[in-house]
Structures are given as C-alpha cells and as structure tokens.
Amino acid sequence: KIPMIWFKEFTPTMLNDRPKNHIGAVLGIEFTEVGDDFITATMPVDERTHQPAGILHGGASVVLAETLGSIASYMCIDPDQCIAVGLEVNANHIRPVSSGFVKGICKPLHIGGKTQIWEIKMFNSKGKMNCISRLTVAILPKPL
C-alpha cells in the first residue's frame, strides 16, 4: 500500500467543519473525499457561480481549484512549523457548464520542502472534464 502523503489523518467532515468566513463557503464548495494522494470537492453551478451568460464563471472554477490545492498543501505540512501560500494558479476552461455541480479532483505533481505543485481536474455532472488547473504553492516558515 502506498503511504499517505498527508501530515496527519483528515476526513471530509474535518475539512468541511472549517470556519465558514471564506469564499469557498460562499460558493458552496464541499469536500467529498480524502484519498491516500488526492482530495475531492464539489461546487454548485448556480446563481452564485454563474457569469452573466448563465454558465459557470471561470473565476469560480479557479476558486475551486485554489481551494482544493491550498487545502491539500496544508494537509501535507506541519502547521506548527510552516504555512502554505499560493504563488501561481492557471486554468484552462474546456467546456461550459450551466447547471448541476462540478467536481474537482486534486492530486500532487510535486511535493517539495519549499514548493508544491497541484493539478486540479474538474468534471461536470456527466463526468466530462470542464476545466484543468494547476496551483503552485510556497512552503514558508511560520511567522513568529
């Protein structure tokens, strides 16, 4: 069995019980699975996440990607010693989504001592990929 990459054990409930004073909560992002080397979350496609044309706003997809990648990065570090901060995020929007949910699957491309790179693939409710994103994170010493 491949060892888990996480610093400690996490569950979707633990991730969803975080304080709700952030953009992920406003957009309805919910964590659904924690695997040995991946996490997943869903986000509704509704009036909160639409652009004026009635389809999923690209910025909302980036919020889902950065939420997944940032939390995954946090899950890999000792939070008493380090912090994880985003350096760069990009996204390719492949197909429009007008309703339902999108599901993001976040997996590591690189987990180093100073940087981490996460790939986030997003799928519509029919299982077709609608977006792929990459997040680069810096691992910094925790400020005193």
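The values are calculated or read from the model by the stated rules, or taken from the named source; none is laboratory data. Since we're looking at a predicted model, the values are computed, not measured. Cβ atoms come from the backbone with ideal geometry, glycine included; neighbour counts cover every protein chain shown. For the accessible areas, the whole protein counts, side chains as well, though only heavy atoms, and no ligand, DNA or RNA atoms are used. Shrake-Rupley method; radii C 1.70, N 1.55, O 1.52, S 1.80 Å.
Some values worked out for this structure:
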read-out	value
Interchain or long-range residues, amide H under 5 Å from residue 32's placed H	40, 41, 42
Fraction of accessible area attributable to carbon and sulfur, segment 60-120 (%, probe 1.4 Å)	53
Relative contact order (%) - criterion: Cα under 8 Å, at least six apart; region: the chain	24
Net charge contributed by nearby residues that have their C-beta within less than 9 Å of residue 105 (K/R +1, D/E -1)	+1
Full-stretch length increase - residue 134, residue 109 - with 0.36 nm per residue and alpha-carbon distance subtracted	8.1 nm
Non-local Lys pairs in the chain, i.e. 8 or more apart or on different chains, that have alpha carbons under 14 Å apart	5
Sites residue 33 and residue 53, calculated FRET efficiency, Cβ-Cβ separation with R0 25 Å, nearest 0.05	0.20
Residue-normalised accessible area of the chain, given per residue in Å² at a 1.4 Å probe	55
